[in-house]
Amino acid sequence: MDPYYIDWINLFIRWFHVIAGVAWIGASFYFVWLDNSLQDPPDWKKEKGIKGDLWAIHGGGFYEVAKYRLAPEQMPATLHWFKWEAYTTWLTGFMLLSLMYYFGAETYLIDKSVMELSQWQAIGIGVGLLAAGWALYDGLCRSPLSRNGYVFGGLLLGLSVLASWGLTQVFSARGAYIHVGALLGTLMAGNVLMTIIPSQKALVKAVKAGAAPDPRLGENAKLRSTHNNYMTLPLIFIMISNHYPMTYGHEWNWAILSALVVITAFARHYFNLKHRGVKQPAILVIAMLMFIALAVTVKNTREADSAGSQQTAEATTDKVSFIQAAAIIHNRCASCHAAKPTQAGFAEAPAGVLLDSTDSVMKHLQQIQQVSVDSNYMPLGNLTGMTDEERQQLGAWIKQGGGTE
Ligand code: HEC
């Protein structure tokens, strides 16, 4: 198919995915807030079995919401479920993953310098991880381990670090990041499909039959929805992470991702405690300090890297001329980064970055350094076969001022 139209399909699915995700996460944030903001209702409501109520104003109208301790005396005619937001988000996410990383595996998922994989091997690992990840997680949730919140949280975090590390050992950096995201998204949607909705169905059935629902169902659903709540923020970071090459482009990209997962889940903890009436602002301050410490650590380790490669660059190459540098960029970058790319599968210059003229190259020196000298992120999947020596020469040329002589 014409890559131009594939770009439009990509746009449509991505747009849809983000909209569905906003609806899902928005609804889930709203209900967490709702649950935690309920107040003691007046007696006449208590007599009807209402546990808490609240008033709100939005969009020019008053709303009165009530939550039942167990269930209303009679099933209402219409009951809203809030499940399609989750399913649609997962389905569109999987379509986008397939379109970009599976259909375009050679470009986006496979990095031959990390591991030589065929397209089908890479897809097998990706899909296999999602299935195995769900099976393992689901099994752990059903085991007695899940009874201790902190121990279980620690165990899940440990497994997510392991997944991040493992994936960076087989896939391209972006491919690894997106699969950690796809895994979290699969666990979250799986929780809705396999646990939360079935337990709600059982609840509705019990109410209709006038029987008491099994409290275990509710507890199980609560555990899964708490997990979903903690996974939300890290997942959103991964969704936007492709804008931040300083994260996935780093040698320790898996550790940076893991640190961000810990920091964001920790920050989420503050809000969860706050909703329960426990205010511990120290958590937010610590999370912010950890975030800053991470930024500084990443910078220092990166500078150490490039200082190292810079020394070798200076030792092995004397002055690198513009002609040499331009030839490297022309040979290794311009097949994609041109107004009319010649690389199969590309209709436009990726990320809007043009590297096909002197002017355009000069505008992007810092970025070129970041993606192809400090890291091996570009050329994507090293499709154009850039050598380490060429990276060093490019680095040396930029270090020497990036002049046009
Ligand atoms: C096979 C095609 C291809 C080749 C060859 C290629 N790139 Fe890219 N480049 C891309 C794609 C696709 C993106 C968008 C990346 C994304 O969405 O993560 C990109 C993005 C970029 C960006 C923007 C990064 C950002 O996140 O803003 C820069 C800078 C860049 N490339 C530089 C280079 C340099 C320098 C070379 C040569 C050393 C190169 N590219 C070779 C496909 C390519």
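The rows are residues; the columns are (1) touching a residue at least 60 places away in the same chain (Cβ under 8 Å); (2) in the same structural domain as Phe346 (by TED's automatic domain parsing); (3) surrounded by fewer than 21 Cβ atoms within 10 Å (Cβ to Cβ).
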| position | (1), (2), (3) |
| --- | --- |
| Thr358 | no, yes, yes |
| Met362 | no, yes, yes |
| Ile368 | no, yes, no |
| Ser372 | no, yes, no |
| Asn376 | yes, yes, yes |
| Leu383 | yes, yes, yes |
| Glu390 | yes, yes, yes |
| Leu394 | yes, yes, no |
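Among the residues of segment 4-17, those that are surrounded by 16 or more Cβ atoms within 10 Å (Cβ to Cβ) and not basic (Lys, Arg) comprise Ile6, Asn10, Ile13, Phe16, His17. Residues being surrounded by fewer than 18 Cβ atoms within 10 Å (Cβ to Cβ) and either of a type in the set (Lys, Arg) or in contact (Cβ under 8 Å) with a residue 60 or more places away in the chain (or both): count how many of those fall in segment 213-222. The number of residues fulfilling the criteria is 2. The criterion of at least 1 residues that are in contact with a Cys (Cβ under 8 Å, 6 or more places away or on another chain) and among the charged types (D, E, K, R) is met, among helices (runs of 4 or more DSSP H) falling completely within segment 202-278, by 215-240. Here Ala287, Ala313, Ala293 are screened, and the one residue that is over 25 Å from Leu109 (Cα atoms), surrounded by 18 or more Cβ atoms within 10 Å (Cβ to Cβ), aliphatic (A, V, I, L, M) and at pLDDT 90 or above is Ala287.
A search for C-beta distances below 7 Å between a residue of segment 100-128 that is of a type in the set (Gly, Ala, Ser) and any residue that is at pLDDT below 90, counting only pairs 6+ apart in sequence or on different chains, returns Gly104/Gly345; Ser113/Asn376; Ser113/Asn382. When we screen Leu91, Leu136, Leu155, Leu129 for residues that are modelled with pLDDT of 90 or more and over 24 Å from Val262 (Cα atoms), the only hit is Leu91. Restricted to segment 42-82, and to residues there that are touching a Leu at 6+ places or on another chain (Cβ under 8 Å) and outside any strand (DSSP E or B), the residue that is modelled with the highest pLDDT is Gly49.
Considering segment 190-216 alone, what residues qualify as being among the aliphatic types (A, V, I, L, M) and at positive phi? Those that are among the aliphatic types (A, V, I, L, M) and at positive phi: none in segment 190-216.
Taken as a whole, the condition of being over 16 Å from Asn228 (Cβ atoms) and assigned by TED's automatic domain parsing to the domain that holds Tyr87 does not apply to Ser160.
Does segment 97-121 hold any residues that are closer than 16 Å to Gly345 by Cβ and surrounded by 17 or more Cβ atoms within 10 Å (Cβ to Cβ), and which are they? Met100, Tyr101, Tyr102, Phe103, Gly104, Ala105, Glu106, Thr107, Tyr108, Leu109, Ile110, listed by residue number. Taking the criterion of being out of contact with any Cys (no Cβ under 7 Å at 6 or more places or on another chain) and near the ligand (Cβ under 8 Å from one of its atoms), the residues of segment 353-376 that qualify are Val353, His364, Gln367, Ile368, Gln370, Val371, Ser372. Considered as a group, the residues in segment 377-391 that are among the polar types (S, T, N, Q) and either more than 6 Å from the ligand (Cβ to nearest atom) or touching a strand residue (DSSP E or B) at 6+ places or on another chain (Cβ under 9 Å) (or both) include one that is modelled with the highest pLDDT, and that residue is Thr387. Assessment of segment 188-202 against the conditions (away from the ligand (no atom under 16 Å from the Cβ) and either under 13 Å from the mean Cα position of the chain (by Cα) or in the same structural domain as Val371 (by TED's automatic domain parsing) (or both)) yields at least one matching residue. Evaluating Glu85 against the criteria (1) closer than 22 Å to Tyr177 by Cβ; (2) part of a helix (DSSP H, G or I) leaves one unmet condition, (1).
The values are calculated or read from the model by the stated rules, or taken from the named source; none is laboratory data. On a predicted model such as this, the values are computed, not experimentally measured, just so you know. Positions of Cβ are generated from backbone atoms using ideal geometry, with glycine treated the same way; all protein chains shown enter the neighbour counts.
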